[in-house]
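Working notes for the structure below.
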Amino acid sequence: MAALVLVLGVGGYIAFDRARPYLHGSGCEVAVGTSKMPLDLDQAANASTISAVAYRKQLPERAAVIAYATAIQESHIRNLPSGDRDSVGMFQQRPSQGWGSPAKLRDPVQSTSKFFDALVKVKDYLDRDVHDAAQRVQHSADGRAYAQHESDGKLLAQVFTGRQPSGARCWYPPDKQTKSRRPDAIREMRRAFGPRLRVDGPGPLTAGAPSRPDSWNGVKVTNARAGWAVAAWAVTHAQVYGLKEVRYAGRHWQSDAGHDGWTTDKNAPTDHVIVH
């Protein structure tokens, strides 16, 4: 009987271990202390792009907070194909109001860039209430609605601008993993963060180059905040581009165990974010 119980126990553990990657489904979470916010994969990818564009434009965290509060109210941080009248995209910008073509406004990098370009033209925007600064960009029917999302905006900004280390995790089951397209991921990362982002490593970087599964790339960073911003972008875009792991500053995220978040990796460097 004892042997039978042991066999059943071992068999049950093996079955659970194999099923575990499927049990959590797909999703992401950002966390700072006890404050947590769930996101789906698309929302998380869009959220990390907002901070990446802020990095490229060398804007302060407050600018990202305003952008997040706006995007949450306008679209729940989703890249919507349509909306009120001719509004499209994360910020529900209207082509008829001079924001640009629908195709450009459906591009998260370009729509975020346009939002920030308008925001920095608002006099003393950093000293204004979040809803006031957002409304002066958006000219919506009720600008006070942005105020309710300020706390969530601050949480997202802390994580995706890199002030909170290892604050973002994403997970998805094995059957949702995609073929590796790391060269495309690196090119999109540099489009969001800007040409100041230097990338090296043995992995190919040319457009359309095949991804070598046994290879990797390193994104050079000059400080921890930039490193964690890059690492968060890579984790939130891992499913789309088939990235398998991200390593930085003594921490390690793996797509096969994404729900576990960032685990200890004493060999993960502090001067590069390793993307595999």
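What angle do you read, to the nearest 10 degrees and between 0 and 90, between the alpha-carbon axis of helix 182-193 and the longest principal axis of the chain?
Value to nearest ten degrees: 30.
What is the distance in Å between the Cα centres of segment 251-276 and segment 126-169?
Rounded to whole Å, the Cα centres lie 28 Å apart.
Rounded to the nearest 500 deg cm²/dmol, what is the calculated helix-only ellipticity per residue at 222 nm for the chain, with -39500 (n - 2.57) per DSSP H run of length n ≥ 4?
Helix contribution divided over all residues of the chain: -13000 deg cm²/dmol.
Run the simple label-point estimate for R144 and K176 please: 7 Å along Cα→C-beta, distance reported in nm.
Each label point lies 7 Å from its Cα, and together they span 3.8 nm.
Put a dot 7 Å past each Cα toward the Cβ at E61 and V122; how far apart are the dots in nm?
Label at V122, label at E61, 1.9 nm between them.
Please compare each pair in K36/K176; K36/K179; K220/K266; K121/K220; K114/K244; K36/K114 to a cut-off of 27 Å on the Cα-Cα distance and tell me which ones are over it.
Among K36/K176; K36/K179; K220/K266; K121/K220; K114/K244; K36/K114, the Cα-Cα distance tops 27 Å for K36/K179; K121/K220; K114/K244; K36/K114.
Express in % the proportion of alpha carbon pairs of segment 114-153 at distances exceeding 13 Å.
Of the Cα pairs, 48 percent sit more than 13 Å apart.
Just the Cα atoms of segment 32-161: what Rg and Dmax do they give in Å?
Just the Cα atoms of segment 32-161 yield Rg and Dmax of 13.3, 43 Å.
Roughly how tilted is helix 2-23, in degrees to the nearest 10 and between 0 and 90, from the longest Cα axis of the chain?
For 2-23 against the chain, the angle is about 20 degrees.
Over all directions, how big on average is the projection of the convex hull of the alpha-carbon atoms in segment 86-211, in square nanometres?
Mean orientational projected area (segment 86-211, Cα hull): 11.0 nm².
In a Gaussian network model over the chain where Cα atoms closer than 10 Å are linked, find which of G83, G203, G33 has the largest mean-square fluctuation.
Per the Cα network of the chain with a 10 Å cutoff, G33 tops the list.
Over the chain, give the accessible area per residue in Å² for a 1.4 Å probe, as an integer.
I get 48 Å² per residue for the chain.
Can you give the relative contact order of segment 68-170 as a percent, counting alpha carbon pairs under 8 Å and 6+ residues apart?
Contact order relative to length: 24 percent.
List the equivalent ellipsoid semi-axes of the chain in whole Å, largest first, each obtained as the square root of 5λ for an eigenvalue λ of the Cα gyration tensor. Spell out each step's value before the answer.
Working: eigenvalues 249, 95, 64 Å².
Values for the chain, descending: 35, 22, 18 Å.
With each pseudo-label sitting 7 Å past Cα toward Cβ, what's the D214-D84 distance in nm, one decimal?
It works out to 5.7 nm between the two label points.
The values are calculated or read from the model by the stated rules, or taken from the named source; none is laboratory data. These numbers come from a predicted model, not from an experiment. Glycine gets a Cβ as well: all are built from the backbone with ideal geometry, and neighbour counts include every protein chain shown. Each accessible area value is taken on the protein alone, full model and side chains, heavy atoms only, with ligands, DNA and RNA left out. Shrake-Rupley method; radii C 1.70, N 1.55, O 1.52, S 1.80 Å.
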